[in-house]
Amino acid sequence: MITVVGSINMDLVVGAERFPKQGETVLGNLHTTVPGGKGANQAVAAVRLGSKVGMIGAVGTDPFGDELAANLENEGIDVSGVKRVEGPSGIANILLSEGDNRIIVVPGANHELAPEDIDKGESIIASSDLVVLQLEIPIPAVLRTLEIARRNRIPVILNPAPADGFIDEFLQYEPILTPNESEAAIIFGENWERALEAHPNRLIVTLGRDGARYYDGKQHVRVPGIRVKAVDTTGAGDTFNGALAVALAEKMPLEDAIRFANAAASLSVEQFGAQGGMPKRGETLKRLQKAK
Ligand code: RIB
């Protein structure tokens, strides 16, 4: 079983031919709302790939809160660790254009997730094969999760996104870190490549369509990505993390686990929405086979 401790957002998605410049207005061509949030996305990715998943997080008392909780439940995720807090749920304002996205998250209920809520979920964490964290929830909640996981000897994947919230104290818990290149530069500096050797098999830097790299203790390894025509890259990193969690919880060797995660991520970008293209296990194994 995988426990995801993280954010749950409603994504307010707007599309346009091009990004507006500062102070400029452009006409858009798309507007929709879909469930998102890095935590929820990673939970959905993992459950679709065949793992049992429990989620610890918070939604508001607004209609989005009902929809977001129902969405997780419909996916088959255990939401007993998701609390309701008075006020609005988290939202993400997502601008899609030029094959890329720009996102502003307003945390809402996510920022009410406290260390005490994590304590309440200790038995869920303790019975997990692996815990997954991101940084869209308050740092004290992240730290308490790391403490509880260490006490119960449960491995943790910490996806340090957004990276501005990263603090060096996280490193003492020795989580597996999965930044993308720009997050790696924020955390370890422009020469982040050097950090790979300091964290063998624990620092996996994702490179988008180019795959991911890490240091295995003897040599640098790059696991190539699978190139596809992307419709929407939102949630690709979350699919990678959810899939990596599933593979590592099943004790797949790291390189194979990354290959599996790359295959899942390549499928996710072929459809619209963070969760829209997240694949099931069968499709992912087929894509993996085809890429060989
Ligand atoms: O990683 C994509 C996610 O980031 C979106 O679903 C949005 O909610 C933000 O949290």
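Every number in this text was worked out from the coordinates using simple rules, so none of it is lab data. Please read all numbers here as calculations on a predicted model, not as lab measurements. FYI the Cβ positions are ideal-geometry reconstructions off the backbone, even for glycines, and counts take in every protein chain you see.
For the reader, a short list of remarks on this structure follows.
- Restricting I118, I137 to residues that are touching a Ser or Thr at 6+ places or on another chain (Cβ under 8 Å), surrounded by 20 or more Cβ atoms within 10 Å (Cβ to Cβ) and closer than 16 Å to N41 by Cα narrows the list to I137.
- Tabulated pairs, the stretch 1-24, first under 17 Å from A69 (Cα atoms), second of a type in the set (K, R) and surrounded by 14 or more Cβ atoms within 10 Å (Cβ to Cβ), C-beta under 6 angstrom, 6+ apart or interchain: G6/K38; S7/K38
- Test: I104 is more than 21 Å from T234 (Cβ to Cβ) and either of a type in the set (V, I, T) or touching a strand residue (DSSP E or B) at 6+ places or on another chain (Cβ under 6 Å) (or both): no
- Of the residues making up the stretch 220-256, those that are in contact with a strand residue (DSSP E or B) (Cβ under 9 Å, 6 or more places away or on another chain), away from the ligand (no atom under 16 Å from the Cβ) and of a type in the set (G, A, S) are G225, A249.
- Selected residue (criterion: nearest to the ligand (Cβ to nearest atom)) from residues of the stretch 127-150 that are farther than 18 Å from A58 by Cβ and either in contact (Cβ under 8 Å) with a residue 40 or more places away in the chain or among the β-branched types (V, I, T) (or both): L130
- With respect to the conditions (1) surrounded by 22 or more Cβ atoms within 10 Å (Cβ to Cβ); (2) within 20 Å of D100 (Cα to Cα), Q271 lacks only one, and its number is (1).
So that you can scan it fast, the table gives a plain yes or no per residue for (1) farther than 29 Å from R209 by Cα; (2) more than 14 Å from the ligand (Cβ to nearest atom); (3) among the aromatic types (F, W, Y); (4) assigned to a helix (DSSP H, G or I):
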site: D66; (1), (2), (3), (4): yes, yes, no, yes
site: V82; (1), (2), (3), (4): yes, yes, no, no
site: L95; (1), (2), (3), (4): no, no, no, no
site: I118; (1), (2), (3), (4): yes, yes, no, yes
site: I124; (1), (2), (3), (4): yes, yes, no, yes
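- Filtered by the rule that a residue be more than 20 Å from G39 (Cα to Cα) and of a type in the set (D, E, K, R), the stretch 269-292 gives E270, E283, K286, R287, K290, K292.
- Selection within the stretch 68-80: residues that are in a strand (DSSP E or B) and either on the phi > 0 side of the Ramachandran plot or touching a residue at least 40 places away in the same chain (Cβ under 8 Å) (or both). The member of this set that is nearest to the ligand (Cβ to nearest atom) is D78.
- Count of residues meeting criterion [more than 22 Å from A109 (Cβ to Cβ) and outside any helix (DSSP H, G or I)] in the stretch 126-159: 10
- Here T239, T234 are screened, and the one residue that is touching a residue at least 40 places away in the same chain (Cβ under 8 Å) and assigned to a loop (DSSP other than H, G, I, E, B) is T234.
- Top-ranked residue of the stretch 33-54 - restricted to ones that are part of a strand (DSSP E or B) and more than 14 Å from the ligand (Cβ to nearest atom), ranked as surrounded by the fewest Cβ atoms within 10 Å (Cβ to Cβ): G54
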